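Engineer: Please read through the structure below; I'll follow up with questions.
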Amino acid sequence: MSHQFAPIVANFVAIIILIFAVYFPRHRRRDMIVAYLAINTGVLAIATVLSSVDASVGLGVGLFGVLSIIRLRSDELTQREVSYYFASLALGLLGGTRVDAQLLQLTLMAIIVIALWFGDNPRLLGRYHTRLMTLDRAFVDEDQLVAYLGALLRAEIRQVAVHQIDLVNDTTRVEVRYELPVVKTTNQDVVEVRPVAGTAWS
């Protein structure tokens, strides 16, 4: 009996670590904790029931496919939050599926948590940022736009995508991807030059 419940216990350990040790300390969004716990527990329960009855593998795969395309229309999720959402779903499915290779099952759970911890680490490519900005000028020339954004953000502009140019209201809505420069001080410490005040961060 304890052998059967090991993946379920491992799932809850993994989701708690993922949410409270990785996600929340980095993003501080409390409402997503409920969503991640709900999807994880719900998928775990359904997968456990499907594993306990004579259900086909196709049914389980179909369920996973349906759940993986759920979008919360009432709120906009970032790509990072979608990643945590998918990880919570995958952990629940792994924890509720009855397989013979239980060690592989537990290893895959650990890999998911480690992958999110590593991929969402703020030190990983931390100088690269993406921003959606509305400028109080209408830029038709892309070179002028890049130069203006570089001076505004005090950064190296890597890519600019213009979403809207409003010549009537004299505004430009752009998505900009940029890299912050690194300046070495006299004592060899590395310091990041951060943008001007009022600029949001990823």
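The values are calculated or read from the model by the stated rules, or taken from the named source; none is laboratory data. Fair warning: this is a prediction, and the values are worked out from it, not measured in the lab. Here the Cβ is made from the backbone with ideal geometry for all residues, glycine too, and neighbour counts use every protein chain on show.
Engineer: Starting from the range 91-120, keep only residues that are more than 12 Å from Gln4 (Cβ to Cβ), then list their pairs with residues that are part of a helix (DSSP H, G or I) and among the charged types (D, E, K, R) whose Cβ atoms are within a distance under 8 Å, requiring at least 6 positions of separation or different chains.
Structural biologist: Every condition considered, the pairs that remain are Asp120/Arg26; Asp120/Arg80.
Engineer: Also, I was wondering about something else. Only one of these conditions is not met by Ile114: (1) modelled with pLDDT under 90; (2) farther than 20 Å from Leu50 by Cα; (3) in a helix (DSSP H, G or I). Which number is it?
Structural biologist: Unmet condition: (1).
Engineer: Filter the range 86-139 down to residues that are among the charged types (D, E, K, R) and in contact with a Lys or Arg (Cβ under 9 Å, 6 or more places away or on another chain) and give me whichever is surrounded by the most Cβ atoms within 10 Å (Cβ to Cβ). Spell out how you get there, then give the answer.
Structural biologist: Filtering the range 86-139 down to residues among the charged types (D, E, K, R) leaves 98, 100, 120, 123, 127, 131, 136-137.
Now restrict to residues that are in contact with a Lys or Arg (Cβ under 9 Å, 6 or more places away or on another chain): 120, 131.
On the way: Asp120: 15, Arg131: 17.
Across the range 86-139, the extreme among qualifying residues is Arg131.
Engineer: Then there is this: Going by what's in this entry, would Arg137 be described as assigned by TED's automatic domain parsing to the domain that holds Pro7, more than 21 Å from the chain's Cα centre (by Cα) and on the phi < 0 side of the Ramachandran plot? If you could, list the steps in order and put the result at the bottom.
Structural biologist: Working: assigned by TED's automatic domain parsing to the domain that holds Pro7: no; more than 21 Å from the chain's Cα centre (by Cα): yes; on the phi < 0 side of the Ramachandran plot: yes.
Criteria not met by Arg137.
Engineer: Answer with yes or no whether Val146 is in contact (Cβ under 8 Å) with a residue 12 or more places away in the chain, surrounded by 12 or more Cβ atoms within 10 Å (Cβ to Cβ) and not in a strand (DSSP E or B). Explain how you work it out, then say what you get.
Structural biologist: Values: in contact (Cβ under 8 Å) with a residue 12 or more places away in the chain: yes; surrounded by 12 or more Cβ atoms within 10 Å (Cβ to Cβ): yes; not in a strand (DSSP E or B): yes.
Here the answer is yes, as Val146 does meet what is asked.
Engineer: Further question on the same structure: If we keep just the residues of the range 88-111 that are closer than 17 Å to Ala38 by Cα and aliphatic (A, V, I, L, M), which is modelled with the highest pLDDT? Steps first, answer last, please.
Structural biologist: Filtering the range 88-111 down to residues closer than 17 Å to Ala38 by Cα leaves 88-96.
When the remaining residues are screened for being aliphatic (A, V, I, L, M), the result is 89-91, 93-94.
Numbers: Leu89: 88, Ala90: 89, Leu91: 92, Leu93: 87, Leu94: 89.
So the residue we want is Leu91.
Engineer: Give the residue, chosen from Arg123, Arg158, that is of a type in the set (Lys, Arg) and part of a loop (DSSP other than H, G, I, E, B). Step through it out loud before you land on a result.
Structural biologist: Numbers: Arg158 fails: part of a loop (DSSP other than H, G, I, E, B).
Exactly one residue qualifies, and that residue is Arg123.
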